[in-house]
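Remarks on the structure that follows.
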Amino acid sequence: MIHYSRQKIDNKDIKEVVKALREDFITTGPTVSKFEKAISKTVQSKFAVATNSATSALHVACLSLNIKKGDRVWTSPNSFVSSANCALFCGAKIDFVDIDKQTFNLSVPRLKDKLKKTKKKFLPKLIIPVSFAGQSCEMSEIYKLSKIYKFKILEDASHALGAKYNNNFVGSGKYAHISVFSFHPVKMITTGEGGVAVTNDKILYKKMLLYRSHGMERLNSRTKPYFYKIKNLGFNYRMTDFQAALGLSQLKKLKKFIQLRKKAYNFYNKSLKNLPLDLPFVPRKNYPSHHLYVIKIKGKNVPKKRNQLANYLKKFSINTNIHYIPIYSHQFFRKIGFKSFSLKYCEDYYKRALSIPIHQQMKKKDLIFVSNKIKDFFRNTNI
């Protein structure tokens, strides 16, 4: 099976995990802190808080930004549900901004329009832009709008570890109060499950540390070395030390992983350019991590043709996926106020989009095989 994305684990990774499992502490030990410092160095942020998932990281980020019941939060509908759920966990009201038809990220013109048309009391307290497929949003423009409309920015950069925007690493803190990365196995590097929130704000950093671990603060006292305080309601969102050991080992290969994905991206661009497809678009100011390679089917009967292509590729053990079903169209979201809600460009994208395999395990023969099967499909289909 050629998967749309997958992890690459080698013997060095396994050796580091085994080493961590033999240490005195396999959780709440020193390796997590080492991993956090390494992540901060990689993305050029001041602070990092590692968690057991990116969903958890988004949640503690929202809490640290003081998102609470009745607050309004806007995000992209073209994402996994965590981008919206993190606000709902806090009791906030979620809403969606349509996407750009070329990058599939949150559209700045549509954000501007929505902000202008929204009454002051209904304006968002927080915007969550999503770096879809490993490509940053127009963060400088969103940042400018944040100064006018007084909202905070939480960047869901789950796809974008190692990516750059305007020559700055995604997560460097130039345009967002907090950025979050994912270490799920299909992402750029993996810790099995895991995530991290990065920031340059020491107050936000300390808040996230509390929310990650039961709201607990240990006091370094000689007379009471066992003493701790529970300062607020928190959660057990900690990462284990053996996960962090895997993350540290994987992080050393991040540049290589991105280079391999970029080679695959360039190959597809050349190989598929004459087919009835819209291929990924990358603005000049972006250096993406190429987490996904999404093709968009052109022409008529698009959903049927897209589904037939997916089924055709499956016959040859080529795994594809759709990223994403619009968040607002899920059953739960229909029940909470989005019953007849739709967004023009997101709907069009969803009908046409298919993610084809791209990851650091793929060899050139795999890329040729996938490309040839896609060409065969269009050569033989009459739809």
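The values are calculated or read from the model by the stated rules, or taken from the named source; none is laboratory data. Computed from a predicted model, the values in this text were never measured in an experiment. Glycine also receives a Cβ, built like all others from the backbone with ideal geometry; neighbour counts cover every protein chain displayed.
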Among (1) β-branched (Val, Ile, Thr); (2) in a helix (DSSP H, G or I); (3) surrounded by 15 or more Cβ atoms within 10 Å (Cβ to Cβ), which single condition is ILE368 missing?
(3)
Odd one out for LEU123, checked against (1) more than 19 Å from the chain's Cα centre (by Cα); (2) of a type outside the set (Ser, Thr, Tyr); (3) more than 21 Å from ASN66 (Cα to Cα)
(3)
Pairs, please: C-beta under 8 Å, at least 6 apart or cross-chain, first residue farther than 17 Å from GLU36 by Cβ and in segment 205-218, second part of a helix (DSSP H, G or I)?
MET216/LEU210; GLU217/LEU210
Got a sec? Which of LEU88, LEU106 is out of contact with any Phe, Trp or Tyr (no Cβ under 8 Å at 6 or more places or on another chain) and within 22 Å of SER289 (Cα to Cα)?
LEU106
Give all pairs with beta carbons closer than 6 Å in which a residue from segment 166-177 that is in contact (Cβ under 8 Å) with a residue 12 or more places away in the chain meets a residue that is among the basic types (Lys, Arg); count only pairs at least 6 apart in sequence or on separate chains.
ASN166/LYS285; ASN168/LYS174; HIS177/LYS152
Selection status of LYS19, in the same structural domain as THR191 (by TED's automatic domain parsing), farther than 20 Å from HIS323 by Cα, among the charged types (D, E, K, R) and out of contact with any strand residue (DSSP E or B) (no Cβ under 9 Å at 6 or more places or on another chain):
yes
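Results for (1) under 9 Å from the mean Cα position of the chain (by Cα); (2) at pLDDT 95 or above; (3) in a helix (DSSP H, G or I); (4) under 22 Å from VAL186 (Cβ atoms), shown as yes or no for each residue.
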{"residue": "ALA133", "(1), (2), (3), (4)": "yes, yes, yes, yes"}
{"residue": "SER136", "(1), (2), (3), (4)": "no, yes, no, yes"}
{"residue": "SER140", "(1), (2), (3), (4)": "no, yes, yes, no"}
{"residue": "TYR143", "(1), (2), (3), (4)": "no, yes, yes, no"}
{"residue": "SER146", "(1), (2), (3), (4)": "no, yes, yes, no"}
{"residue": "ALA160", "(1), (2), (3), (4)": "yes, yes, no, yes"}
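Please state which one of ASN286, ASN274 is under 26 Å from the mean Cα position of the chain (by Cα) and either closer than 14 Å to MET188 by Cβ or of a type outside the set (Gly, Ala, Ser) (or both).
On the way: ASN274 fails: under 26 Å from the mean Cα position of the chain (by Cα).
Criteria check complete, one pass: ASN286.
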Filtering segment 291-328 down to residues that are among the aliphatic types (A, V, I, L, M) and within 17 Å of SER79 (Cβ to Cβ), which residue is surrounded by the fewest Cβ atoms within 10 Å (Cβ to Cβ)?
ILE325
Under 8 Å by Cβ, and 6 or more places apart or on different chains, what pairs join a residue from segment 327-355 that is at positive phi and assigned to a helix (DSSP H, G or I) with one that is buried (at least 21 other Cβ atoms within 10 Å of the Cβ) and small (Gly, Ala, Ser)?
none
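Condition test on LYS335, is it closer than 27 Å to SER83 by Cβ, surrounded by fewer than 16 Cβ atoms within 10 Å (Cβ to Cβ) and out of contact with any Asp or Glu (no Cβ under 9 Å at 6 or more places or on another chain)?
Numbers: closer than 27 Å to SER83 by Cβ: yes; surrounded by fewer than 16 Cβ atoms within 10 Å (Cβ to Cβ): yes; out of contact with any Asp or Glu (no Cβ under 9 Å at 6 or more places or on another chain): yes.
Here the answer is yes, as LYS335 does meet what is asked.
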Residue count, segment 265-281, condition touching a residue at least 12 places away in the same chain (Cβ under 8 Å), of a type outside the set (A, V, I, L, M, F, W, C) and under 18 Å from ARG379 (Cα atoms), comes to 4
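Give, as residue ranges, the strands (runs of 3 or more DSSP E) completely inside segment 1-120 that count at least 2 residues that are within 26 Å of ASN167 (Cα to Cα).
Values: elements: 47-51, 72-75, 93-96.
The qualifying strands (runs of 3 or more DSSP E) are 47-51.
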Of all the residues that make up segment 139-159, how many are out of contact with any Phe, Trp or Tyr (no Cβ under 7 Å at 6 or more places or on another chain) and crowded, with 24+ Cβ neighbours inside 10 Å?
3
For residues that are touching a strand residue (DSSP E or B) at 6+ places or on another chain (Cβ under 8 Å), surrounded by fewer than 21 Cβ atoms within 10 Å (Cβ to Cβ) and at positive phi, tally how many sit in segment 86-120.
0
